[in-house]
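Enquirer: Following this message is one structure expressed as structure tokens.
The values are calculated or read from the model by the stated rules, or taken from the named source; none is laboratory data. Quick caveat: nothing in here was measured; it's all calculated off a predicted structure. Counting neighbours? That spans all protein chains shown, and the Cβs are built from the backbone with ideal geometry, glycine included.
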């Protein structure tokens with residue numbers, strides 16, 4: 001009977017090319033059938049994607065399930081083998097055809113029918129082996145004993161984790177009080193134990209629960225892998241954790257070269273910024289540049305350093321981790337839009353401060369009149385200017401108001417004779 005079955009399948013596969021040509025000429029093209037997965041005893045064996053010998057993938061899966069279930073009901077151990085027929089492969093179970101793997105059943109990117117058939121046969125062998133294990137009372141008793149021992153160890157480890165956490169929380173205040181008193185600058189203590197203790201307690205609690213979750217994950221994966229029916233679930237859990245750890249490790253390792261390049265760029269920018277600062281200081285002292293003096297030295301060094309660091313950030317931006325993602329780009333555009341819309345007044349104030357500094361309209365210590373206010377300039381900042389009036393009041397005036405109003409400076413002598421000089425010469429004559 002088995003020989004006749006094989007002979008019929010062989011003739012069907014030989015006539016398959018002629019049948020496909022005739023079908024294409026005689027009838028319109030049919031829609032591609034939906035793929036169906038052959039799963040036996042909770043384990044995936046193969047995914048069938050092709051309509052073969054008039055059977056859709058779903059019908060092929062139902063037929064294979066019936067053949068496999070019938071073969072596994074017996075007490076004898078059945079063998080899984082492969083037999084090549086033209087470009088396809090027969091997967092035989094105990095001498096009977098379980099299913100056929102054809103070239104059109106391959107996954108996208110897979111180009112070998114034999115490898116796909118071997119994988120399917122290996123999965124079917126696991127199904128046969130796990131079916132015999134599920135019927136073995138001794139195996140089930142051993143699996144139950146191992147699961148019980150793993151559960152007991154899991155409970156003990158959890159109790160040990162919480163015990164260590166309680167001990168650390170009890171010892172932590174004494175350690176903090178002993179070492180925090182040494183961290184002082186003069187008489188001021190740098191660390192306050194009342195603020196640090198809640199933070200460390202929360203971090204210990206978070207670390208403890210993280211360890212508990214990892215132990216639970218590993219315990220569940222171990223117990224599921226002890227029994228044949230739940231073994232695929234345990235293998236998928238363990239594989240997911242390994243894949244996640246591998247993904248994180250690959251991401252970290254892949255980000256290291258970019259971080260090294262960005263760090264080198266920032267170190268070079270730091271050196272260039274320090275060199276430019278010393279160069280500007282020398283030029284200011286020598287007086288070789290007219291607009292560069294002691295008053296404009298500080299804003300000039302700040303502007304030079306800002307330009308260098310902005311250029312360095314623009315150079316290092318492509319090497320930062322996640323810089324090429326859409327989320328990072330969208331966040332950068334959002335921040336730039338917020339700055340451009342909300343900082344227009346701030347930019348105007350800063351520009352006005354630079355104008356006042358480089359035109360030397362005001363200097364600290366001069367007595368001036370700005371609009372309706374009179375007083376001595378005490379501070380000339382980037383955004384505001386502070387003056388002290390004769391009544392002891394401290395006025396803070398925006399720089400845009402100063403550049404938009406008439407400023408009278410009573411502390412500077414007028415160059416040339418002026419009107420007072422004419423009256424003085426007339427009086428002497």
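Enquirer: At least 3 residues that are surrounded by fewer than 19 Cβ atoms within 10 Å (Cβ to Cβ), assigned by TED's automatic domain parsing to the domain that holds residue 35 and touching a residue at least 24 places away in the same chain (Cβ under 8 Å) in each: list the strands (runs of 3 or more DSSP E) lying fully within the range 45-124 that qualify.
Expert: Counting at least 3 such residues, we get 80-85.
Enquirer: Scan the range 304-333 residue by residue and report those that are more than 14 Å from residue 269 (Cα to Cα), modelled with pLDDT of 80 or more and surrounded by 14 or more Cβ atoms within 10 Å (Cβ to Cβ).
Expert: Scanning the range 304-333 gives 319, 320.
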